[in-house]
Amino acid sequence: MYVKDIMQTEVISVKRGTTLTQLLNMFKSFHSFPKVPVIDNDGILLGVVHIRSFFEIFQPHNQDLLMRNPLSMISREPADIFNIDIEDGMGFLVIVADIMDTKVVKVNQNADLKKAYDLMQLHNRDSIPVVDDQKKLVGIISVFDIVMKIFKEKGLV
Amino acid sequence: MNALLGISLILLLGLLSGKIAEKVRTPAITAYLIIGILIGPFSLGFVPESIIAASGLISNFALSFIAFSIGQSFSRGLFHQIGKQVLWISILAAFGAGVFVVVAMRVMGLPLYVALLFGSIATATAPAALIMIIRQYKAKGRFTEILMGVVAIDDAWGLIVFSVCLAFARKIHFNHADSVFQVMLSAFWEIGGSFVLGGIIGWMFSKFSRHIRNERDLLIYTVGTILFTAGLAIHFHLSVLLGCMVLSATIVNVHKESFRFFEVLQTVDWPVYLIFFVLAGANLEINLLVEIGAIGAVYVIVRILGKCLGTYFGAVISNAGSDVKRYMGIAQMPQAGVALGMALIAKSTFPEWGAMIFTTIAATTIIYEIIGPIFVKIALHKANQIPGD
Amino acid sequence: MNIILGMGIILVFGLLSGKLAEKVKTPAITAYLLLGIVFGPFALGIISEHIIAVSGTISHIALSLIAFSIGQNFSGKIFRQVGNQVMWISILEAVGAWLITLVGLLFFKVPLYMALIFGAIAAASAPAAIIMVVREYKARGQFVDILMGVVALDDAWGLIIFSLSLAISKAMYLDLSSSIGNVLMGAIIEISGSFLVGGVLGVILSRIGLFLKNQTDLLIWTIGVIFVATGISLHFHFSVLLTSMFLAAVVVNLNNESFKFFDILNHIDWPIYLIFFVLAGASLEIDLLGKIGVIGIVYMIFRIVGKFAGTYLGAHIAKSDDDVKKYLSLGLLPQAGVALGMALIAKEQFPQAGNIIFTTVAATTVVYEIIGPFFVKLALHKTNQIHN
């Protein structure tokens, strides 16, 4: 059984240039913000946007570099999220490329299911994007898909 | 070799041996111990002197974490459900093992006081080994809960029984004047003191924990408190195991969101356990195995028979399930540090037979430590506690 | 007092002092250092000899973890991300602080091997204080972005400069009469040894890391390999810092998902750093404080001059704004963790001079951490990075 056999192929993805307002509008009716893959014009996976990414808006650029120095002692969230000044025009000035997480764990669609599962375990992720040999986004696979597949085999569904 | 190279050698070989053990379906702890024996001073001698010297420190460190994680299963709700079974089984299993071994040792022709010492040492089990196996196989269920409870309480019984037997032995052998009452008092001081220590710190821990807001502080706070408790227990000659168990049992019952204190240790603690067990293996005097003799062999077999029978009756009296009746006895097979500690006291108290007692216990520990985990795994497996197996 | 109790007390009180420091807007490291002094043999004496005895191992562990984390900045991707300005400024301000402090101290008759070390330590800056100020005033803008990048990278350059300087001054110190050739030879062996160990182990860490399946194994594997690297370089007297840093650099450039090796360390590292800094404070020899007057002041002043000159030159080459040219160096003054770590290594290497270096750096750290934030604030004001 391979990843491509059970992955979800209908993935909502965004482009690097998608603005903050567009992004918020796309997901305002979701009951929580999902993990959204970011692709370029050729469909190549560049990163993901997740709920933590929104905190990046309030951080200076290059702060992620400082996070790598363990002695900088910063927590990811700004100290006081309820008291943040947001300037006019931020909704279309900030784009996905500014806030996306490039630390992305992905799996090839021809990989074994076990491999995908192990990757998710190793990186402590519930779902990861699936790419083809050209690194183009083709789907997303989650632990739930794997659980579902096992339950189907056992005749529970 | 410097200390860091030694630690890294232990970590990497431990990791590798754990992987191999996984392939041959053996608990990782057995692999760690064997690696320890192989690289320890009694065979290849790869472990640097400085680390062997620090093994006492590392074992107290690891034991305090292990005890802390055992204690979390003593929530009030659970105790209502299984408290009766745990009490009966632990008492009768300890009693069974003790009586069986005393009788057998008398039959083997040992003096009464030596038999008493062997009998009281036989009550001890190894909570650390059990918790490792339960963690590794993610065992879950009623059987596991009762087992955890039994090995945890076991420690308290073992302590009482041993100190009383030690007093009797001294009375018989040296005609010593210290009364049984006094001895009981000091055993209760040790147990009671550990409870008070763990209880007070646990309560304070829960009260102050609302000031902890991020993962980093949480880790420091939890680790710091565990070490603080263990350190005070050592300082006042109390039991590190009991103190840390009561600490987490208190936290579980006082604090509603206590799970986060245990979760924060999840990934962190395994390397500590790994080093602990490899070092435990390195400290096993493997050359003693040849001196195990008839007495050692009898001890190994009779102790486990007594445990099984005691457990069986305990389970019958407390209406435990048939799995518990059948398999919980062998799950109490591992025996390690606690027994060795008792044997060491016996050795220093009785010059005549003490050395022989220590050698025998040290040798049988090797067998129990290496074979025990395999039986525990079988017991858990038979009782259907291992998911996906 | 037994070691376990000592560690427990250090952790609990360290946490408490960190919280207090937060209230008075000081970085936690300063609080740990002061706590160490209070606990140390010169005051309460809570930290016993047992604990001081294991402090060598703890500081090697802490330093190798710090160097490993900082080493991940050495990737092509990062260099492209930060851009020209940050690269030029960070390199030149680090070298500038080193060179000018070195020359300044030589002028005041400090022996060359000591001045080399002081200079190298001068290159380091401290992210914590800077970030606290930036956060407090919600400062934003291009100047802040550049400042962040420079602070992130200058510790990395600082570690390299320090390792090279240490190699040279060790060779000089061991044999004062030796020729320049011998000194250089010793230094080259030390450095290339570190590169070799770090490189080989980096490849192994990365390759075998592909087979790992869960977080526990990943943690054991990562710290296991870091300890091997550190252990080997200690054994052969290579540079612990360079080895770990190069190990990280190799991993980052070999493996697309290398962040897993660094992220997993976040689970365990902070208690180690806390203990490390408290013990650093405890090993401070208070009675030396009185004797460092001149050296301390010279060191502080020349470091500031060096940072300013280096930044100015770097900004000039990279064609930065006038704001950056004039004020960026003000943001680089705070100094703490990395500098203390370097000073501790020096203390271990040079019994006599090392103590003076360590005491000076510890004292100036406290001063820099107190006055540093004011200068950061000033720089942010002058460059209009603080809104409202």
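A few comments on the model shown:
- Equivalent-ellipsoid semi-axes of region C:2-74, from the Cα gyration tensor, Å, largest first: 23, 19, 10
- The Rg/Rh ratio for region C:145-203, using Cα coordinates for both the radius of gyration and the Kirkwood hydrodynamic radius, is 1.14.
- Dividing the C-alpha radius of gyration of region B:262-303 by 2.2 N^0.38 Å, with N its residue count, gives 1.82.
- Counting only heavy atoms of the protein chains and using a 1.4 Å probe, residue B:76 has close to 150 Å² of accessible surface.
- If you take the alpha carbon atoms of region C:163-272 and fit the smallest convex hull around them, that volume is 100 Å³ per residue.
- Residue by residue along C:6-19, Cβ atoms of other protein chains within 10 Å of the local Cβ number 6 on average.
- Ordering of C:185-192, A:6-13, C:246-253 by packing [mean C-beta count within 10 Å, highest first]: C:246-253, C:185-192, A:6-13
- Heavy-atom accessible surface that C and A bury in contact, both chains counted, 1.4 Å, Å² to 100: 3400 Å²
- Residue pairs, from the table C:19/C:213; B:171/B:307; A:15/C:25; B:171/B:325; A:152/C:213, whose Cα atoms sit over 30 Å apart: C:19/C:213; A:15/C:25; B:171/B:325
- Beta-bridge orientation, region A:3-153: approximately 75 percent antiparallel, per DSSP, counting only bridges with both partners inside.
- Accessible area per residue for the protein assembly as shown, computed on protein heavy atoms with a 1.4 Å probe, is 41 Å².
- Most fluctuating residue given options A:129, A:70, A:37, as computed from a GNM of chain A linking Cα atoms under 10 Å: A:70
- 15 Å beta-carbon shell around residue C:242, net charge (K/R +1, D/E -1): -1
- Shape call, region B:21-153: gyration tensor on alpha carbons, a/c limit 1.5: oblate
- With kT/(6 pi eta Rh) evaluated at 37 °C and eta = 0.692 mPa s, and Rh the Kirkwood radius from Cα pairs, the protein assembly as shown diffuses with a coefficient of 108 µm²/s according to Stokes-Einstein.
- Of A:115, A:28, A:106, the one that fluctuates the most in a GNM where chain A has Cα springs shorter than 10 Å: A:28
- Global size of region C:103-228 as Cα Rg and Dmax, reported in angstrom: 20.1, 58
- Against the main long axis of the alpha-carbon atoms of chain A, helix A:113-123 sits at an angle near 30°.
- C:32, C:137, ranked by accessible area, largest first (probe 1.4 Å): C:137, C:32
- Fluctuation leader among C:152, C:43, C:126 - chain C, Gaussian network, Cα springs under 10 angstrom: C:43
- Between region C:323-366 and region B:93-111, the alpha-carbon center distance in angstrom: 67 Å
- Under the span-like rule (Cα at least 24 Å along the axis, Kyte-Doolittle mean at least 0.0), DSSP H helices of chain B: B:3-23, B:76-107, B:142-174, B:180-208, B:215-235, B:293-317, B:354-382
- Taking all protein chains together and rolling a 1.4 Å probe, residue B:42 ends up with roughly 90 Å² accessible.
- With K and R counted +1 and D and E -1, the other residues having a Cβ less than 13 Å from that of residue C:27 yield a net charge of +1.
- The orientation-averaged projected area of the convex hull spanned by the Cα atoms of chain C comes to 19.2 nm².
- Expected-Rg normalisation [2.2 N^0.38 Å, Cα atoms] applied to region B:3-382: 0.96
- Only protein heavy atoms count here; on that basis, with a 1.4 Å probe, residue C:86 has an accessible area of about 0 Å².
- Largest first, the extents of the alpha carbon coordinates of region B:281-389 on the three principal axes equal 46, 31, 22 Å.
- Only beta bridges with both residues in the protein assembly as shown are counted; by DSSP, about 80 percent of them are antiparallel.
- MRE, 222 nm, helices only [DSSP H, n ≥ 4, -39500 (n - 2.57), over the protein assembly as shown, to nearest 500]: -23000 deg cm²/dmol
- Neighbouring partner chain Cβ atoms per residue of B:215-222, average, 10 Å criterion: 6
- Spatially, region B:1-27 and region C:16-54 are offset by 35 Å when compared through their Cα centroids.
- 10 Å Cβ neighbours from other chains, averaged over peptide C:223-229: 6
- Apportionment of accessible area to carbon and sulfur, chain B, percent (1.4 Å): 68 percent
- 0 to 90° range, to nearest 10: angle between helix A:143-153 axis and chain A longest Cα axis: 20 degrees
- Note on region A:3-153: percent of Cα-Cα distances in each 10 Å bin, starting at 0 and stopping at the bin with the largest distance, equals 10, 35, 33, 18, 4, 0.
The values are calculated or read from the model by the stated rules, or taken from the named source; none is laboratory data. This structure is a prediction, so every number in the text was calculated from the model and none was measured. Note: ideal-geometry Cβ built from the backbone for every residue, glycine included; neighbour counts use all protein chains shown. Note: areas computed on protein heavy atoms with side chains; ligands, DNA, RNA excluded. Shrake-Rupley method; radii C 1.70, N 1.55, O 1.52, S 1.80 Å.
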